[in-house]
Structures are given as structure tokens and as C-alpha cells.
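Notes for the one structure printed next.
Just so it is clear, none of the values below were taken in a lab; they were calculated from the coordinates. Predicted model only: the values in this text are computed from it and were never measured. FYI the Cβ positions are ideal-geometry reconstructions off the backbone, even for glycines, and counts take in every protein chain you see.
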Amino acid sequence: MIPEIELASKADINSFQIEKLKELLEYLNTNSPFYKRVFKQHKIDISTINSLEDLVRIPTTTKNDLQVYNDDFICVPKNKIIDYVTTSGTLGDPVIFGLTDNDLERLAYNEAISFACAGVKKDDIIQLMTTIDRRFMAGLAYFLGARKLGAGIIRVGNGVPEMQWDSILKFKPTYIIAVPSFLLKLIEYAEQNNIDPNKSGIKGAICIGEPLRNQDFSLNILSEKIKKKWNIELFSTYASTEMNTAFTECEEQQGGHHHPELIIMEILDDKDQPVVEGEAGELTITTLGLEGMPLLRFKTGDIVKAHFSKCNCGRNTTRLGPVIGRKKQMIKYKGTTLYPPALHNILNDFSSVETYIIEIFHNAIGTDEILIKIATAEPSEVLLQQIKDHFRAKLRVAPKIEFSDKNEILKLQFPKMSRKPIMVIDKRK
């Protein structure tokens, strides 16, 4: 189930996207209060936008724009909106998104081709280990995508390893959708209850929320720990509510594939200009085919690298490497630039660390500081020194680390109405 456009030449994909962009600009100029205002204020004649390179003449859209002018992005009458979702609000107030019937169909199509990209077929059964309620788009997308593909789905929800294993043993799913670190909890439960994960029938896990790979696509520490105990294929998928689109790995596992029929992507520097090919920058997206709240040049806040060579799977589309970090969470620490994923990777190397949370704040002189709170059953100065030495070896710096009560950390990770764990608390203003 590979859409023809994803097998087309780079030139044909480019021409296809230009036509879709022109349709979007006309739609926004007619229906979007926000973008009509942008075009007027910046004297933009949309008829002169005739290439993807011309996009730089249009101002970018930010998360702040969405928060301040949320309703002005809606392009349809309220009675056409049949589902409401909100962003997670990780870096600010949640934003409301309204989806029409056609938008839900597009969401289903996106997830169906994403599942197919990872090798899921209509004869497979998928166990969903994320919430489908709490206005969470991802859980709904997985359910709709599985239906579109024709695969079965088991809606267990997040957490509760006992219930997850009960469903796995009872219904025999072949794929699971989960946060990678939760797979370690499933392995731990299995070991404690004489369950052999490798005899469960699970072929693969489609993972969300945490990186699986290093920038060269080798397995990171978290993935290695999973694979050591549970020999399943791990597929990374990257998406956001604002994008209404996923970048999912194929069976070659060399980055998440771009779906050119659904989204235009740019990778921009700090001056909102395209980076040199192969360099990292902020992923900026333009959604195609959305009715309710399409976005034009929306800055996601995620720092990524793109890969342009043809994939061995046959797709000729651009692939995104693992997210390096969120732009707002970049840390300047003792002369070194860090992103939280680099800290996660080191902490995941210590099996004695049960859980942790990272706090970023400004010190008395206004520079960045890092405090990592760790829960372990065996706190000791030796362990603390080992962790600090590992940080120095890998990152050249060692943040402040302290032991903390596991329940206190869990309260910070899962605040009321949380849909996914919070591993970083940024207290900087």
C-alpha cells in the first residue's frame, strides 16, 4: 500500500506539491480569517507563489499565533466540525483543533499508509497502548487508521502491564503501539510472571513519544535494552496534532517517510531560511487537504535533519531523522549545547535508575542549569559518581543530580489530565 506519488521522481513530487500548494493558498485566502489578514498585512499576492522556494516570501506561523488567534484559524462553520482535539500543551497552553468529516478521513488515510509503511497488513491485529480519549488525536488516528487498513485493533489504553499482557495472551495481537520506555515495564512484568515475550506472537512495536535511534539510525540505548530481552522490530513514528500527519519508518528503518500528498516540509534556520542540505534545522510544515484548520509554514519547534536519498523500500520521498530536540528546550550548559534527548539516552543506560525527571532553570546569574531527580532502590554515592562520569564521557559536562522519592517523581511526570509522561520541566522564563 504505497501511494503512487511516493514512488514518483523528485521532480514529479515537486510539481505535485506546487499544485497542492496553490489550491491551499486559494482556500486560505477565501476561508481563513488569520491567513487573509497575513496576506493583506504583508501585501502578498498569492498568484505569484509558483514554487516551493517562493514560500519564504510568506511569514511563518508560530505556536504563539495558534494560542492567541486560535479561532481565526478555523476555516469552516462550527457545524461542520465533528471532532475536537487539543495539543498536549507541553510548551504552552493547549490549542484547540476542529476536524471535519473529511479531516477524519484524511487522518485515517495518513495512519493507514503509515501502518503499511511499517509493514502492518490487514490480517494483523494491533494493540493500542495509548489513550483514545482526553481529546488526544494520536489514539483516534491509530484507531481510524487500523480500520482504514482493515487490521484489527485492541483498545487497551495506556499503562497497566497486567492488563496489557492479559490482552496480548488472550487476543494474540501481532503489533503494539506504545511509548518505548513502557516496553521495558512490560518486559519486567513478563519476567516476574513467567511470561516469555518472545513467544507472545508480537512481531513489532510502533513507538511514539521517545526516540529509538541515534542520528546514524543505529539503535539508541533504550532500544538496545528492549531488543536484548524482546526480539521484536521497533518502528519510530513522529507526528503532532498541528501536522495531522505522521512520519513513520518503513521496514528499512532509515528515518520517517514524508507523505507529499499530505504535507509540505521545510527545514529552517534561525532566520527562517532553508538550511543547507544535510544540516539540522527547525521542521516547518504546511498541511495539505485539511478543511478545518490547515496551517501554512507552521514552525513545529522540533530540530531535525532530512535525508534525501532514495530508500531501499522503493519510496523516493524525503526521510526525517530522529528529532534532535525541541528548539525551546535547547540548553546552553557550561559552553555545551544540549537537548533533553541526549540526557535521556545516558540515563537509560543505568538499569538501577527506575525513573527520573529533568528540570531546567536559570541560576542567579541568568545562565542555564540542569537538575536531574532520580529514583532508585539503591541510592549511593558510587552510583551518583558513575552517572556523573558517564555524562562527562558522553557529553563533556555533568549536570547536578540528586536522589528523590519515586512517587514524587511520578506525580511530576503525570499531572492531572496528562496524556503522556512529562520527562522535562523547563522553569526558564
| remark: Largest-first semi-axes in Å of the equivalent ellipsoid built from the Cα gyration tensor of region 1-142 are 29, 24, 13
| query | If you rank S9, S200 by fewest surrounding Cβ atoms within 10 Å, what's the result? | reply | S9, S200
| query | Separation of region 219-251 and region 358-413 by C-alpha centroid, Å? | reply | 26 Å
| query | How long, wide and thick is region 226-343, going by the Cα atoms along their three principal axes, in whole angstroms, largest first? | reply | 43, 40, 28
| request: Classify region 50-131 as rounded, prolate or oblate, taking a ≥ b ≥ c as the square roots of the eigenvalues of its Cα gyration tensor: rounded when a/c is under 1.5, otherwise prolate if a/b is larger than b/c and oblate if not. | output: prolate
| request: Report, in debye and to the nearest 20, how large the dipole of the chain comes out about its Cα centre when Lys and Arg carry +1 and Asp and Glu carry -1 on their Cβ. | output: 560 debye
| remark: Residue by residue through region 338-344, the couplings from Karplus 6.51 cos²θ - 1.76 cosθ + 1.60 with θ = phi - 60°, in Hz, x for Gly and Pro, are 10, 10, x, x, 5, 6, 4
| Exposure proxy check: I176, I370, I221 ranked by fewest other beta carbons within 10 Å? | I221, I370, I176
| task | Taking the Cα centre of region 330-426 as origin, sum charge times position over the Cβ atoms of Lys and Arg (+1) and Asp and Glu (-1), and report the length of that vector in debye to the nearest 20. | result | 340 debye
| message | Give me log10 I(q)/I(0) at q = 0.07, 0.09 Å⁻¹ for the chain, Debye formula, one equal scatterer per alpha-carbon, no solvent. | response | -0.35, -0.59
| query | Looking at the chain, what % of its DSSP beta bridges pair antiparallel, to the nearest 5? | reply | 65 percent
| For M423, M293, M137, what's the fewest-to-most ordering of other Cβ within 10 Å of each Cβ? | M423, M137, M293
| remark: Going residue by residue through region 175-190, the Karplus relation 6.51 cos²θ - 1.76 cosθ + 1.60 with θ = phi - 60° gives ³J(HN,Hα) values, rounded to whole Hz and with x marking Gly or Pro, of 9, 10, 10, 7, 6, x, 5, 5, 4, 5, 5, 5, 5, 4, 5, 4
| message | What lysines does K122 reach when the alpha-carbon gap must be under 21 Å and sequence neighbours fewer than 8 apart in one chain are set aside? | response | K148, K170, K172, K203
| Whole-Å distance, taken between Cα centres, linking region 1-38 and region 55-90 | 18 Å
| region 328-429: translational diffusion in µm²/s, Stokes-Einstein, Kirkwood Rh over Cα pairs, 20 °C, 1.002 mPa s | 151 µm²/s
